[in-house]
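A.B. asks: Please see the structure below; I have some questions.
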Amino acid sequence: MKRNAPRKRTVQNRETFNLRQHGLGVLAAVGYASLIIVISAILAIVSYLVFASVAQGAEAPATLTPSTQMIGQAKQLDGQVLVYEGEAIGEALERGRFAFVNTNDGSNAIGIWMSKSDSGRISTFGDYDHTGDKIRVTGEFHRACAEHGGDLDIHASKVEILIAGTVRTHPVSVSKIIASVIALAVLAASGLLYQRRKNSKAKSASQEHWD
Amino acid sequence: MLLRPLARDWHVIAHYCGRLLIGVGVFMLVPLFTAILFAEWNSALDFLFGVAATVAVGFALVTFFPETADITTAQGLVIVALTWMAAMFLGAIPLYMSGHYLNYLDACFDAMSGFATTGLTLVQDLDHVSNSVNMWRHLTMFMGGQGIAVVALSMLVRLSGGGGGFEIYSGEAREEKVVPNVIRTARFIWIISLTYLAIGILLLTPAFLLEGMSFTRSFLHSIWIFMAAWDTGGFAPNSQNVLFYHSGVVEVITMFFMIGGCLSFGLHYALWHGRTDELGKNVEPVSLAITIPILVLICLVGLEIAATYSGFEQLFRKGVYHLVSAHTGTGYQTLYPGQFSLEWGGLAMMATMIAMGLGGSASSTAGGIKALRVAVAYKAFFQEIKRLIRPQSAVTVTTFHHFSRRFLSDTLIRTSLLIFTAYIVTMFAGAALAMGYGYSFTDSLFESTSAVANVGLSAGVTSTSMPNPLEIVYIFEMWIGRLEFLGVFALAGLLIASWRGK
């Protein structure tokens, strides 16, 4: 009996001890969880604030309208604000405070009516020796512009230079040199043959004359 | 009974073809020098090869077929038909070598379009083409407009040994000599063309300079735009054609030269010598002065019905410019090809097609049925009505003024109606083929008319994606239309006689 009594007490003590320990553990877990939730919430709020401000600075990707669509659906798109990208070609055709810059998107070139300050920012125009600046234009599309004699054009409200133009190189082709030399040789041979026959014909004609 | 031509007949034809090709090759030196001037070394090699190949072929033909003789009319027609075809193949070489054509057939298409002063094009990335290639494209129009034979006759090739100058000259659809001597006629054609070239440069260069273009570009563009306007060709150095300039001034100047180009060289000669009364008397300018305003009016009504343009300025500017461009056979446009079929409406399209079909004057740089034949058909129609009304014993005589008073003979009516019918049949045949490939009737007829009448306005069928057989048919139409059928008929006749003749 004596032996059993302390054992019981021990068990009781143990249970009391465990319960205390358990209670503390739950409290600690709740505490940790709360802390994690609070920290996560703070992080979420901070990251939201940070990313939102960044997102506010960047624009949504622009929907480009290709020239083929502008020509093919001109009536539907007439008067709408469109975004168009292409290579500035030729030169800026000046009209007082404005200029026409023809811009080729690979299928067609469209005339862009823009301020002279905007056209002045375009450094290179496309021709045989140059690839022109790639520009993005946002502006009102006109199927038959009332201001410009019925031309299909865009009146730009915003002009961005996307890629600066470059110099185009045209390395001389070795095969073309060889082909040209061969052709010249053939020409020389045929010319000589022609001259020889002509001379012999003239000679025989004069001989006939003397005979 | 068909008489089989002798081998000697073919040799004579080959000989004169060779002489004319030497002339074409010599003219190719102009773009070669342009390439050297602008340090376009790759293009210089292309043209060096082109010159060498063309002149070598010419020398070879002259050397191996040395026979010269008096040329018959049929031989003259065949020489011209074959030379134009050979000029296309040889003239396409530097174009193809430039790398701006998908294949050699496309380059041939542009070469024939240039020589035939049509203006339909398959060039790629035109906005980056070199100055020398642009010079050659426009020079083909200048040569074709005056006539390849005229080029050779006037300056470069002595067609000695035979009296074939007039036969070859008339083979290029020239009705008559301006002056009795054919060499002097050819020289006058060049004098008048070079005089107008000088005027063109003086008018267009300042117009381009005012737009902000550099002097070099203004000068070059003025030469090219003049050449294609005067020769009623329609090529331009930029992909947007005349729309590139966005300029009413340029449109007015080009209209002046388009109208000038569609008048006959005979009329220019008369005006040159102060005979301004020809403008009011001659049946051709009178016919043009009637048909152009009528068709302009129909076109404007059509555009108004289709509500294509909201304001009068747009309506007038677009309608008049394109109608004049179509009637003179030039093909300059300030619209994108697709806009015709999508926006212009049926009536305006029909007026434009009729204008393209009618064309300019005979013995001018323009193509089409020609004002002289339109006038003959009109006079013949009323002559028949008069015959019906009058007593059977009455003799009905109709005359018209074409540099002199002429009688409306049955032969003239028959010839005019033959050419008239040939044009109509070819237009519809080309249209039928395009329709077979799935293009709409209107677009198909528009494009086929444009090709056979050597105009160059496009409804969008002409593109690198069009089927090769259609491309070949358009080349054939441009060739046959420019030579007014007779040269090609004579060639076909000679080939049949070689096969079936005795």
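The values are calculated or read from the model by the stated rules, or taken from the named source; none is laboratory data. Source: prediction; values computed, not measured. Don't worry about glycine lacking a Cβ; one is built from the backbone with ideal geometry, like all the others, and counts go over all protein chains shown.
A.B. asks: Out of the residues in the range B:42-73 that are more than 8 Å from chain A (Cβ to nearest Cβ) and aromatic (Phe, Trp, Tyr), state the one that is farthest from A:Ile177 (Cα to Cα).
C.D. replies: B:Phe65
A.B. asks: Just give me the residues in the range B:53-70 being of a type in the set (Gly, Ala, Ser) and farther than 17 Å from B:Thr83 by Cα, in sequence order.
C.D. replies: Hit for the range B:53-70 is B:Ala69, nothing else.
A.B. asks: Tell me, which residue of the range B:127-137 that is among the aliphatic types (A, V, I, L, M) and within 9 Å of chain A (Cβ to nearest Cβ) is surrounded by the most Cβ atoms within 10 Å (Cβ to Cβ)?
C.D. replies: Residue satisfying both the conditions and the ranking: B:Val133.
A.B. asks: While we're here: Could you list all residues from the range B:83-137 that are over 18 Å from B:Ala52 (Cα atoms) and among the polar types (S, T, N, Q)?
C.D. replies: B:Asn103, B:Ser113, B:Thr117, B:Thr118, B:Thr121, B:Gln124, B:Ser130, B:Asn131, B:Asn134
A.B. asks: Scan the range B:216-236 residue by residue and report those that are within 12 Å of chain A (Cβ to nearest Cβ) and not in a loop (DSSP other than H, G, I, E, B).
C.D. replies: Within the range B:216-236, B:Thr216, B:Arg217, B:Ser218, B:Leu220, B:His221 meet the criteria.
A.B. asks: Condition first: within 18 Å of the chain's Cα centre (by Cα), of a type in the set (Phe, Trp, Tyr) and in a helix (DSSP H, G or I). Now tell me which residues in the range B:460-502 satisfy that.
C.D. replies: Passing the criteria: B:Tyr474, B:Phe476, B:Trp479.
A.B. asks: Could you identify the single residue in B:Thr276, B:Thr291 that is more than 14 Å from chain A (Cβ to nearest Cβ), surrounded by fewer than 20 Cβ atoms within 10 Å (Cβ to Cβ) and at pLDDT 95 or above?
C.D. replies: B:Thr291
A.B. asks: Looking at the range A:164-180, which of the residues that are surrounded by fewer than 14 Cβ atoms within 10 Å (Cβ to Cβ) and not small (Gly, Ala, Ser) is nearest to A:Asp133 (Cα to Cα)?
C.D. replies: Per the stated criteria, the residue is A:Thr166.
A.B. asks: In this structure, does B:Lys281 turn out to be of a type in the set (D, E, K, R) and buried (at least 20 other Cβ atoms within 10 Å of the Cβ)?
C.D. replies: Criteria not met by B:Lys281.
A.B. asks: So, one more: Select from the range B:252-266 the residues that are in contact with a Ser or Thr (Cβ under 7 Å, 6 or more places away or on another chain) and crowded, with 22+ Cβ neighbours inside 10 Å and list them in ascending order.
C.D. replies: Across the range B:252-266, the qualifying residues are B:Met258, B:Gly261, B:Cys262, B:Leu263, B:Ser264, B:Phe265, B:Gly266.
A.B. asks: Looking only at the range A:89-111, count every residue that is over 23 Å from B:Pro206 (Cα atoms) and of a type in the set (A, V, I, L, M) and tell me the total.
C.D. replies: Residues that pass the stated criteria total 2.
A.B. asks: In the range B:438-459, which residues are surrounded by 24 or more Cβ atoms within 10 Å (Cβ to Cβ) and not in a helix (DSSP H, G or I)?
C.D. replies: B:Ala453, B:Asn454, B:Val455, B:Gly456, B:Leu457, B:Ser458, B:Ala459
A.B. asks: Turning to a different aspect of this structure: Of all residues in the range A:90-102, how many are surrounded by 24 or more Cβ atoms within 10 Å (Cβ to Cβ) and on the phi < 0 side of the Ramachandran plot?
C.D. replies: Here the count works out to 3.
A.B. asks: Sticking with this one: If you check B:Val123, B:Val80, which single one turns out to be under 23 Å from A:Gly126 (Cβ atoms), in contact with an Asp or Glu (Cβ under 7 Å, 6 or more places away or on another chain) and crowded, with 20+ Cβ neighbours inside 10 Å?
C.D. replies: B:Val123
A.B. asks: Looking at B:Ala39, is it outside any helix (DSSP H, G or I) and within 12 Å of another protein chain (Cβ to nearest Cβ)?
C.D. replies: So B:Ala39 fits the description; yes.
A.B. asks: Now a separate question. What are the residues in the range A:119-134 that are over 7 Å from A:Gly165 (Cβ atoms) and charged (D, E, K, R), if any?
C.D. replies: Residues satisfying the conditions are A:Arg121, A:Asp127, A:Asp129, A:Lys134.
A.B. asks: Within the range A:102-151, how many residues are among the acidic types (Asp, Glu) and facing chain B (nearest Cβ under 10 Å)?
C.D. replies: The number of residues fulfilling the criteria is 4.
A.B. asks: Do you know which of the residues in the range B:57-77 that are buried (at least 24 other Cβ atoms within 10 Å of the Cβ) and of a type in the set (Gly, Ala, Ser) is modelled with the lowest pLDDT?
C.D. replies: B:Gly76
A.B. asks: Does the range B:237-250 include one or more residues that are polar (S, T, N, Q) and more than 12 Å from chain A (Cβ to nearest Cβ)?
C.D. replies: There is no residue in the range B:237-250 that is polar (S, T, N, Q) and more than 12 Å from chain A (Cβ to nearest Cβ).
A.B. asks: Please work out which residue is surrounded by the most Cβ atoms within 10 Å (Cβ to Cβ), limiting yourself to the range B:301-314 and to residues that are without any contact (Cβ under 8 Å) to a residue 24 or more places away in the chain and part of a helix (DSSP H, G or I).
C.D. replies: Within the range B:301-314, the match that is surrounded by the most Cβ atoms within 10 Å (Cβ to Cβ) is B:Gln314.
A.B. asks: Okay, moving on. Taking helices (runs of 4 or more DSSP H) that fall entirely within the range B:315-396, which contain at least 1 residues that are out of contact with any Cys (no Cβ under 9 Å at 6 or more places or on another chain) and away from chain A (no Cβ under 14 Å)?
C.D. replies: Qualifying helices (runs of 4 or more DSSP H): B:345-358, B:371-389.
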